[in-house]
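A.B. asks: Please see the structure below; I have some questions.
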Amino acid sequence: MIMGESAENYLETILMLKEKKGSVRSVDIATELGFSKPSVCVAMRNLREHGYVTTDSDGLISLTESGLEIAKNVYCRHETITNWLIKIGVSPDQAAVDACRIEHVISQESFECLKKFTQEN
């Protein structure tokens, strides 16, 4: 499976909800992202089939090791880019929106340089 923006957003959302709430269900993801529950169920099935999430008998969703790695990477990109945008004068709300777009398309090389730059400044 080629990891696209939508799948990365789902994994990142699961990570953030797990940290905030302790457990994650499809309805939590649907509420957080503003999607329909059937859309989330289809996405969870695809992520489960590709080994990125598991669902237990109670409907609780967990990230697998590979899903967690991707989610953490996307979240790190999001936080780094958001903080950089805020540092250069973008409002926090707009920075978060823009970071959500940029995090999926920035090259690893550019991200590493941006990360280094923000840590030094």
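A.B. asks: Checking G59 against (1) in contact (Cβ under 8 Å) with a residue 12 or more places away in the chain; (2) more than 16 Å from the chain's Cα centre (by Cα); (3) over 25 Å from R25 (Cα atoms); (4) not in a helix (DSSP H, G or I), only one condition comes out false. Which one?
C.D. replies: Answer for G59: the failing condition is (3).
A.B. asks: Which one of E8, E109, E12 is surrounded by fewer than 14 Cβ atoms within 10 Å (Cβ to Cβ) and either out of contact with any strand residue (DSSP E or B) (no Cβ under 6 Å at 6 or more places or on another chain) or without any contact (Cβ under 8 Å) to a residue 12 or more places away in the chain (or both)? Explain how you work it out, then say what you get.
C.D. replies: Working: E8 fails: surrounded by fewer than 14 Cβ atoms within 10 Å (Cβ to Cβ); E12 fails: surrounded by fewer than 14 Cβ atoms within 10 Å (Cβ to Cβ).
Testing whether each residue is surrounded by fewer than 14 Cβ atoms within 10 Å (Cβ to Cβ) and either out of contact with any strand residue (DSSP E or B) (no Cβ under 6 Å at 6 or more places or on another chain) or without any contact (Cβ under 8 Å) to a residue 12 or more places away in the chain (or both) leaves just E109.
A.B. asks: Testing M1 on (1) at pLDDT 95 or above; (2) hydrophobic (A, V, I, L, M, F, W, C); (3) not in a helix (DSSP H, G or I), one condition comes back false. Which one is that?
C.D. replies: (1)
A.B. asks: For residues that are surrounded by fewer than 14 Cβ atoms within 10 Å (Cβ to Cβ) and among the acidic types (D, E), scanning just the range 63-96, find the one that is nearest to E112 (Cα to Cα).
C.D. replies: E69
A.B. asks: Select from the range 99-121 the residues that are closer than 16 Å to N73 by Cβ and not in a helix (DSSP H, G or I) and list them in ascending order.
C.D. replies: Listed by number, the residues that qualify are E103, H104, V105, I106, S107.
The values are calculated or read from the model by the stated rules, or taken from the named source; none is laboratory data. Worth saying up front: this structure is predicted, and the values here are computed from it rather than measured. Neighbour counts are summed over all protein chains in view; Cβ atoms, including those assigned to glycine, are modelled from backbone coordinates with ideal geometry.
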